[in-house]
Structures are given as structure tokens and as C-alpha cells.
Amino acid sequence: MRPPRRGAGLRTGRWRRGRIIALLAPLTSLVMLGHRHLPNQPGHLGSLIETFLPWTGLVVPLLLVSAAIRRSATATAAALLPAVVWGALFGGALIGKQADGGNLTVVTHNVDEHNPDPAHTARALADSGADVLALEELGDDTPVYRQTLAREYPYQWVRGTVGLWSRYPLADARTVDIAPWPRALRATVRTPRGPVAVYVAHLLSVRMNAASGFGTGARDDAAGRLAAVLRAEPLPRTLLVGDLNGTTDDRALSALTSQMSSAQDVSGAGFGLSWPASFPLARIDHILVRGMQPRSAWTLPATGSDHLPVAASVRLDPAPHGTAGPGTD
């Protein structure tokens, strides 16, 4: 019998080591590809994973480092699978999709009721160049925003903790009932290219605790009520802006995201993460559109809030005949 060649055992060992690491790689890939099929109970686990879904890519370098430590060829090869899956799912977000041609700029910002300098935040938003500005989590400092923004935005409407400021006249403004207190509104913005229905919403907060896990019940109920109102909206061009306390990957918001497009997903660069402002982990502040074309989307610099403002430029074609909308207030 011929003795094994020198080094053959070492090469065989490299393929046999790291089997646990190699098993984790396809499991990670299955989570990325099949997150919609993950059970949402207990504790709304599926929604929690979907909220931070792009961060599953961090598992790939961890697997590669572990494979290198173990000197495992098997684990190294297996780690390439989730890398390819992540690239297929999220790589497109890293490619800039911005384009010129927008003629309506929209900004939305959760200004944080505990904002230490609301006047600074208001001035920064006034300088943003927005044609339509939506604010959420307004509180005792609402008069500061009204006064500071009045020059740039002569048309404004505030109800409860949400408000809308516009360079163009507003009509048919009303509260949208999604919670026991006012957290959403709807108004027609009469732009030079025709009317646009604008909804401003702040869905209820998500809570984490040992008893209920990722507590989304109140938010999900508000999202369902808002989705029903949007389905009945008669104007063909509609914007939904605000803090939805969830990402577009979250299945619980599918009633909203299935009938509207995310400006960030269509025309942004990167993930446009907006919260928390100090180290953004998720995009929970959104500009969703229907009946118009997003041309670019981006985040604005931090203000005194714990959220970043988000912005988008959309293209409005001339309004179709017969869609003039309600009269101006």
C-alpha cells in the first residue's frame, strides 16, 4: 500500500472542519429569502427580523472570520452563499438611482417632542427647499414651528401631534382616525400641476418587553385603519409621509406598502436609514407615493431630534382632465 501523499491529510482536514459554521450559512440564507414565512408568534418575531433585515448581512463577515480561525475550506465556501443572497436582495439599494426631473420636493421629519432646540430644527427644515413639509410628534413647541416656518410655508394645518406645511394652498384638510387621539391627517395640496392628496401619519410606537416581545399590536391596528382610508382616496396622485414605526420590509405594514411605492426604494441611494439619528439602524420614516414618479430620495442632516429628516423629489405630470380636486380653503 502506498502511503498518503504529504499534505493530503491537512487538505482533507480543512474540508472537514467548520461543519457547524457551514450549517449556519444556509440557515442565514433561508432567513433572508424566506423571512415572510417565519412565524410571527411568539412576540412578533417575524416583524422584528424584518425591521432589521438588511443587517443580516453582518453574519457573512462573522462566518468568514470564524472559517479563517478554524482554517475550514468548507465553512469558507458555505459563507459565500449568504453573501450572494444578500447581494441579490439588497445590493441594488447600494446603487444610486437618483435622477433629475422632479418638480415637487417633499420632506418629512419626526421632530421629537423632547427636542432641545425646536427653533434650530424649524430653521433647518425651512432651508431644506421642500415644497411640502410634514412634521410628526409635535407637542408644546408647536407654536415655534408655526412661527418659524410661516414665511416659507404660508399654508399650514396642524392637528394633534402631526402637521403639514406647504408653499401651495391646502384644501379639504381633515383628521384621519387611526388612534384614540389625532395622529394622522389628510389634505389636498393644490400644486401648479394639479391636486395631490397628502397624508401625514405617525403610527403608534412599538414596544419591547419580556412579556409580549416585539409589541406591535397598536401600530398594526393603526396601519390597517390608515390603509382602508387610502384605498378609498379618490385623487389618483397620493402621498403618504411620516413616521410609520416600521420598515417597508415589515409584513405588518404590507396593507400600506402593497398599494404605494417607497420613494427611497425606487429612487434612493443606500438604505436611507433614519432612526436613531445618532446611529441609524432602520428606516422607519417614509415617503410613499402613488400616481407619480419618484426621481430621487435622501436623508437630511441631523437636527435636535432622535430621527433624521427624509426627503424625496417626485415628478408630477399635468393633472388628468377632471381631477381638479376640492376648492381651496
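The values are calculated or read from the model by the stated rules, or taken from the named source; none is laboratory data. Bear in mind the structure is a predicted one, so any value in this text is a computation, not a measurement. Cβ sites come from the backbone with ideal geometry, for glycine too, and all protein chains shown count toward neighbours.
Looking at the stretch 98-117 only, could you name the residues that are surrounded by fewer than 24 Cβ atoms within 10 Å (Cβ to Cβ) and either outside any strand (DSSP E or B) or free of Cβ contacts under 8 Å to residues at least 40 places away in the same chain (or both)?
Q98, A99, D100, G101, G102, N103, D112, E113, H114, N115, P116, D117
Among (1) touching a Gly at 6+ places or on another chain (Cβ under 6 Å); (2) in contact (Cβ under 8 Å) with a residue 60 or more places away in the chain; (3) part of a helix (DSSP H, G or I), where does R295 come up short?
(3)
Among the residues of the stretch 193-200, is there at least one that is buried (at least 22 other Cβ atoms within 10 Å of the Cβ) and modelled with pLDDT under 95?
No, the stretch 193-200 has no match at all.
Restricting attention to the stretch 149-173, which residues are buried (at least 20 other Cβ atoms within 10 Å of the Cβ) and among the small types (G, A, S)?
Matches in the stretch 149-173: G163, S166.
Would it be correct to say that V176 is more than 16 Å from N115 (Cα to Cα), buried (at least 18 other Cβ atoms within 10 Å of the Cβ) and of a type in the set (V, I, T)?
The answer is yes for V176.
Could you list, in sequence order, all residues of the stretch 253-284 that are free of Cβ contacts under 8 Å to residues at least 40 places away in the same chain, of a type in the set (A, V, I, L, M, F, W, C) and in a helix (DSSP H, G or I)?
L253, A255, L256
When the stretch 294-329 is examined, which residues are found to be at pLDDT 95 or above and among the polar types (S, T, N, Q)?
Of everything in the stretch 294-329, those that are at pLDDT 95 or above and among the polar types (S, T, N, Q) turn out to be S296, T299, T303, S305, S313.
State the number of residues belonging to the stretch 118-138 that are in contact with a strand residue (DSSP E or B) (Cβ under 7 Å, 6 or more places away or on another chain) and part of a loop (DSSP other than H, G, I, E, B).
6
Could you count how many residues in the stretch 33-48 are under 18 Å from the mean Cα position of the chain (by Cα) and modelled with pLDDT of 90 or more?
Result for the stretch 33-48: 1.
Out of the stretch 136-173, which residues are within 21 Å of E113 (Cβ to Cβ) and touching a residue at least 60 places away in the same chain (Cβ under 8 Å)?
E136, E137, V162
With respect to A78, determine if the residue is in a loop (DSSP other than H, G, I, E, B) and touching a residue at least 12 places away in the same chain (Cβ under 8 Å).
So A78 fails the test.
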